[in-house]
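**Q** One structure, pasted below without further comment.
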Amino acid sequence: MVKILMYGCCGHMGQVISDLAAQDPDVEITAGVDIADKGNTGYPVYTDIYACQEDVDVVVDFSSARAVDTLLDYCGEKKLPVVLCTTGLSEDQLAKVEETAKKTAVLKSANMSLGINTLLKLIQEAAKVLAAAGFDMEIVERHHRLKVDAPSGTALALADSLNEAVGGEYKYVFDRSQKREKRTDKEIGISAVRGGTIVGDHEVIFAGPDEVIEFKHTAYSKAVFGKGALEAAKYLAGKPAGRYDMSDVING
C-alpha cells in the first residue's frame, strides 16, 4: 500500500485523484495540504505542509506555481519523493526542480496521461521512418476556451519528441499567416484551437506524397491525468534520488 500526501487536495484535480484513490486498493491518501480545508476530503488537511504528521511514501502535487517552492523545500529536506504535476513553472523553479532531484526522487512530465506518454514513444518510431521518406509533420491541439497558453505544453512535448527522433534539426512554426511562402522540408507546424469545453485533443499528422498517417489522443475527462498521477506515485515510492518522467512509469 502506497501512502500519499495530496498537495492541492481541495482543488479540482485533488478531488479527482482522491476519488480515484478511494477505488484503488494499492494506494491510500493519508493526508492533504491546501490553502484552506474545505471539508470535502476523507482525510486530515493541513494549510502548512510542515504541520503534517502522517506517515507518507510520496507526495502528489496538483497545486499552483506559487505553492511549488515550499513543496520542493519540504520534499528535499524530508527526502520524500514527489510527483510534480503543476505546470507554468518559472525558469528559477525548473532549476529548483533539478536541485531537489539531487536530494530525492522527482517525477515531472508535461502531461500525466499514460496515453499521451505512450503516443510520445509511438510517434518517435514513426518519425524515424516517415520523415526520412519525405513526410511533413504537423501537430494540431485543441483545448477548452478558458485555456490561456498556446500551444499547449503537451503539443510542445510532442514536437520535441518528433524533433529528437530526426536529430533535432527541425524548426517549429506556430503561425503561417504572416508569411506567404511554401513549406520548408525541416519544420514542424503546430496549430492551436480553443473552444467550448474540450478537455484536450492532440493530433500528429504525417503528410506524404499521396498518403497521410495520423496519430490522435483525446482526453474526455481530467480523470486520465489523475490515473496517470496515481500510477506515477506507485512507481516513484521508494525510488532513489533523481529526475523521472512518465516514460519511466511506462517502461517500468
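**Q** Which value in nm describes the separation of the simple spin-label points at GLU99 and LEU20, placed 7 Å from the Cα toward the beta carbon?
**A** 3.1 nm
**Q** Determine the alpha carbon to alpha carbon distance for each of LYS147/LYS179; LYS96/LYS216; LYS102/LYS222; LYS171/LYS234 and list only those over 28 Å. Could you put the intermediate results ahead of the total?
**A** Numbers: LYS147/LYS179 26 Å; LYS96/LYS216 34 Å; LYS102/LYS222 31 Å; LYS171/LYS234 37 Å.
Flagged as over cut-off: LYS96/LYS216; LYS102/LYS222; LYS171/LYS234.
**Q** Express in nm, to one decimal, how much length is gained between ASN251 and SER90 on full extension, taking 0.36 nm for each residue of separation and deducting their alpha carbon distance. Let's see the in-between values first.
**A** Numbers: separation 161, 0.36 × 161 = 57.96 nm, distance 2.89 nm.
Result for the pair: 55.1 nm of gain on full extension.
**Q** Which residue fluctuates the most in the chain, going by a Gaussian network model with Cα springs under 10 Å, if the choices are ALA165, ALA133, ALA192?
**A** Sorting by GNM fluctuation, first place goes to ALA133.
**Q** Find which of TYR172, ALA237, GLY252 sits farthest along the positive direction of the dipole of region 156-252, computed with +1 on the beta-carbon of Lys and Arg, -1 on that of Asp and Glu, about the Cα centre.
**A** The Cα lying farthest towards the positive end belongs to ALA237.
**Q** I need the phi-derived Karplus couplings for region 126-133: 6.51 cos²θ - 1.76 cosθ + 1.60, θ = phi - 60°, integer Hz, Gly and Pro marked x.
**A** Working through the residues one at a time gives 5, 5, 4, 8, 6, 4, 5, 8 Hz.
**Q** Can I ask one more? Of the heavy-atom accessible surface of region 102-179 (probe 1.4 angstrom), what whole percent is carbon and sulfur?
**A** Working: 2010 of 3820 Å².
Solvent-exposed carbon and sulfur of region 102-179 make up 53 percent of the total.
**Q** Still on this structure: Run lengths n ≥ 4 of DSSP H only: what is the helix-derived mean residue ellipticity at 222 nm for the chain, with -39500 (n - 2.57) per run over all residues, to the nearest 500? Show your work: numbers first, answer last.
**A** Working: 7 runs with 85 residues, N = 252.
About -10500 deg cm²/dmol.
**Q** Follow-up. To the nearest 10 degrees, how steep is helix 12-22 against the longest Cα principal axis of the chain, on a 0 to 90 scale?
**A** 70 degrees
**Q** Per residue of region 230-247, what does 6.51 cos²θ - 1.76 cosθ + 1.60 with θ = phi - 60° give for ³J(HN,Hα)? Whole Hz please, x for Gly and Pro, Karplus curve as stated.
**A** Here the 3J(HN,Hα) series is 5, 5, 5, 5, 4, 5, 7, 4, x, 6, x, 4, x, 9, 10, 9, 5, 5 Hz.
**Q** Return one quarter of the surface area of the convex hull spanned by the alpha-carbon atoms of region 189-228, equal to its mean projected area, in nm². Please report the intermediate quantities before stating the final value.
**A** Working: hull surface 15.7 nm².
Reported value for the Cα convex hull: 3.9 nm².
**Q** How would ILE250, ILE190 line up by accessible area, probe 1.4 Å, largest first? Numbers along the way, then the final one.
**A** On the way: ILE250 55, ILE190 5 Å².
Order by accessible area, largest first: ILE250, ILE190.
**Q** So the label point goes 7 Å from the Cα of VAL173 along Cα→C-beta, right? Which residues of region 127-162 then have their backbone N under 12 Å from it?
**A** Within reach of a label on VAL173, which here means backbone N under 12 Å from a point 7 Å along Cα→Cβ, region 127-162 contributes 136-139.
**Q** Here is a follow-up. Straight-line reach from LYS78: which aspartates and glutamates have Cα under 17 Å away, leaving out those fewer than 8 places along the same chain?
**A** Partners found: ASP48, GLU54, ASP55, ASP57, ASP61, ASP69, GLU98, GLU99.
**Q** Which FRET efficiency value, to the nearest 0.05, do you get for GLU164 and LYS239 by plugging their Cβ-Cβ distance into 1/(1 + (r/R0)^6) with R0 = 25 Å?
**A** Values: r = 24 Å, r/R0 = 0.97.
Working from the Cβ atoms, E equals 0.55.
**Q** With Rg and the Kirkwood Rh both taken from Cα atoms, where does Rg over Rh land for region 162-252?
**A** Values: Rg = 18.0 Å, Rh = 17.0 Å.
Here the Rg-to-Rh quotient is 1.06.
**Q** How tilted is helix 91-100 with respect to the longest principal axis of the chain? Cα atoms for both, answer in degrees (0 to 90, nearest 10).
**A** The two axes meet at around 60 degrees.
**Q** Taking 8 Å as the Cα distance limit and 6 or more residues as the minimum spacing, I'd like the relative contact order of region 93-252 as a percentage. List each step's numbers first, then the result.
**A** Numbers: 247 pairs, mean separation 60.7, N = 160.
The value is 38 percent.
**Q** What angle do you read, to the nearest 10 degrees and between 0 and 90, between the alpha-carbon axis of helix 65-78 and the longest principal axis of the chain?
**A** Roughly 60 degrees between the two axes.
**Q** A further question on this structure: Please compute the Cα-Cα pair-distance distribution of the chain with 10 Å bins starting at 0, giving whole percents from short to long.
**A** Per 10 Å bin, starting at 0, the Cα pair percentages come out as 7, 29, 32, 20, 9, 3, 0.
**Q** Give the residue from VAL2, MET137, PRO25 lying farthest towards the positive end of the charge dipole for the chain; charges sit on Cβ (+1 for Lys and Arg, -1 for Asp and Glu) and the dipole is referred to the Cα centre.
**A** MET137
**Q** Additional query: With every protein chain present, what is the per residue accessible area of region 173-233 (1.4 Å probe, Å²)?
**A** Numbers: 3660 Å² over 61 residues.
Heavy-atom SASA per residue in region 173-233 reads 60 Å².
The values are calculated or read from the model by the stated rules, or taken from the named source; none is laboratory data. All values derive from a computational prediction rather than experimental measurement. Every residue, glycine among them, receives a Cβ derived from its backbone with ideal geometry; neighbour counts consider all protein chains shown. SASA here: full protein model, heavy atoms, side chains in, ligands and nucleic acids out. Shrake-Rupley method; radii C 1.70, N 1.55, O 1.52, S 1.80 Å.
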